[in-house]
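Below you'll find the structure, written out as structure tokens, and then a few comments.
The values are calculated or read from the model by the stated rules, or taken from the named source; none is laboratory data. Everything numeric here is computed off the predicted structure, so don't read it as measured data. Here the Cβ positions follow ideal geometry from the backbone for every residue, glycine too, while neighbour counts run over all protein chains shown.
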Amino acid sequence: MISPYVLPGIATNKMLCSNIALKVAEYHKMTVDEIKARDRKRKVVEPRQLAICVMLSSRISTKDIGKFFGLDRTTVLSAKERIDALISTEPDFRDRYNKVKQYVTNN
């Protein structure tokens, strides 16, 4: 196993993606595999997009996030735009996003 202390850029981003995805999955009572699945149902897409936004706010690159989810980087950017639009127009969604982000950072 490669130590994250030896190669901080490579191992750390993958570990961060995994940890964030796990916390978002726990919050939504799902598994990481469900969030990473190619499912387009809203109950799966929304947590995936929330995880992507939290990852981006953690300064993980779109390329690394895309690699983690098996998505193109433009799809990652599209998810970010969608969540940003929901945050700016729906106060309930903004509260949910903040709760998810807080859950990820505090647990």
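Of the helices (runs of 4 or more DSSP H) lying entirely inside segment 33-107, those carrying at least 3 residues that are out of contact with any Cys (no Cβ under 7 Å at 6 or more places or on another chain) and touching a residue at least 40 places away in the same chain (Cβ under 8 Å) are 42-57, 91-106.
Of everything listed in (1) of a type outside the set (A, V, I, L, M, F, W, C); (2) at pLDDT below 95; (3) touching a helix residue (DSSP H, G or I) at 6+ places or on another chain (Cβ under 6 Å); (4) crowded, with 17+ Cβ neighbours inside 10 Å, the single unmet condition for residue 48 is (2). Counting only residues that are in contact (Cβ under 8 Å) with a residue 40 or more places away in the chain, surrounded by fewer than 19 Cβ atoms within 10 Å (Cβ to Cβ) and among the small types (Gly, Ala, Ser), segment 10-32 holds 1 of them.
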